[in-house]
Amino acid sequence: MRIAVVGTGANGAGIGADMARAGLDVTFIEQWPAHVEAIRERGIEVRMPDRTEVTRVPAMHLCEVATLREPFDLVFVGVKAYDTRWACELIKPALHERSLVVGLQNGMSIDDMADIVGIDRTVGAVIELASNMWEPGITTRQNPPEESWFAVGGLVPAMTVRAEEVAAVLSHAGTVEVSDDIRSSKWMKLIVNAAELVPSAILGLELNTAATTPGMYDFMMSCGKEAARAALAGGNRLRPIFGMTDARLDDPDVFAEQLFEIVLTVYSLPDTKTTSLQDWLKGRRSEVAEINGLVVDELARVGEPAPFNQLVVDVARRIERGELEVSPDNLGLLLDGARR
């Protein structure tokens, strides 16, 4: 099986390295030139809490994809959600009729993928692990494979068997479940993402530090609870993820709290910076519209407000326009705005 990972940032690089170390035929396709060159020269270095592993893996620049002659059987897409459409268009000529494309992303990028490569070649995924990347060729993975979790699934029942194929490959990077309702499963992850990613990044703080800042935990949970209502408004079901055994599926507010607590206590370390904060520290825009903005849009569709997520979107847009810096001083903007 020929496998490609399109977008080998913090998470994509670590996951791809796991598969390559298992003996699979993996190629990295990446948009950061220095990262490609570092991987070619030294391999991909994955730093974990208990070990460091260096893995040799072929790496290609985006501009080299047009030179490919043999198609890939399985493609993992690890770019930002807002880059999904062009990444799928890029790799589409390198697919065959039975190829599968898997989105290892936050947000609901699964529909963009299906629109471009076809519903019968699209597999959605939920991913739970924390990583960061600040230097080319090096990813710091805070959750090694023994502590990482994934769910995969197709958009139609006929894709269940194909999702099992993906699970077998992805199992080298962590525990994998096959979901019979991947759209709902992805919305469950979006609930916790709405609570954690951008709100903590606005303060410029590590996730756990932000959550213990007075007033911030309640604010973050209010974002998550709105996201749970948005999930239900869109016809999705509350369902356990992360291997939950005591999920309160009868109470969306309690369920949102359970999800957030798992992320804080199981999947986060004291120095965990969310992907949104990493984006802003690198001068990049983050997935604000694809996460908190999606909550606002989904509830607006059924005539309901989402004041906490709307406030996050408004403040985040000011940061991305350069009007505000990420700072703990922004706490007042969030808490005062929430009281109005």
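Rule-based calculations on the coordinates, nothing more; no lab input. Since the model is a prediction, treat every value here as computed from it, not as a measurement. Glycine also receives a Cβ, built like all others from the backbone with ideal geometry; neighbour counts cover every protein chain displayed.
The figures follow:
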{"read-out": "For q = 0.33 Å⁻¹, Debye-computed log10 I/I(0) when each Cα of segment 172-221 counts as one equal scatterer", "value": "-1.19"}
{"read-out": "In degrees, nearest ten, helix 33-42 long axis to first principal axis of the chain (Cα)", "value": "50 degrees"}
{"read-out": "Most mobile listed residue (115, 180, 18) in the chain, GNM with C-alpha springs under 10 Å", "value": "115"}
{"read-out": "Reciprocal of mean inverse Cα separation for the chain (Kirkwood radius, Å)", "value": "20.1 Å"}
{"read-out": "Rounded tilt (10° steps) of 160-170 against the dominant C-alpha axis of the chain", "value": "80 degrees"}
{"read-out": "Within segment 14-111, percent of DSSP bridges classed antiparallel, to nearest 5", "value": "40 percent"}
{"read-out": "Ordering of 97-106, 245-254 by packing [mean C-beta count within 10 Å, highest first]", "value": "97-106, 245-254"}
{"read-out": "Charge dipole (debye, nearest 20) of segment 184-339; +1 at Cβ of Lys and Arg, -1 at Cβ of Asp and Glu", "value": "420 debye"}
{"read-out": "From the C-alpha gyration tensor of segment 53-109, square roots of 5λ in Å", "value": "18, 16, 12"}
{"read-out": "Computed magnitude of the charge dipole of segment 2-180 (debye, nearest 20; Cβ of K, R +1, Cβ of D, E -1)", "value": "360 debye"}
{"read-out": "For q = 0.17 Å⁻¹, Debye-computed log10 I/I(0) when each Cα of segment 228-300 counts as one equal scatterer", "value": "-0.84"}
{"read-out": "Solution diffusion estimate, µm²/s, Stokes-Einstein, segment 2-180, Kirkwood Rh from C-alpha pairs, 10 °C, viscosity 1.306 mPa s", "value": "100 µm²/s"}
{"read-out": "Leading residue at positive end of dipole, the chain (Cβ point charges), from 274, 215, 66", "value": "66"}
{"read-out": "Angle between the chain longest axis and helix 182-202 axis [Cα atoms, degrees, rounded to 10]", "value": "60 degrees"}
{"read-out": "Percentage relative contact order, the chain, counting C-alpha pairs under 8 Å, at least six apart", "value": "15 percent"}
{"read-out": "Convex hull (Cα only) mean projected area of segment 204-340, reported in nm² to one decimal", "value": "8.6 nm²"}
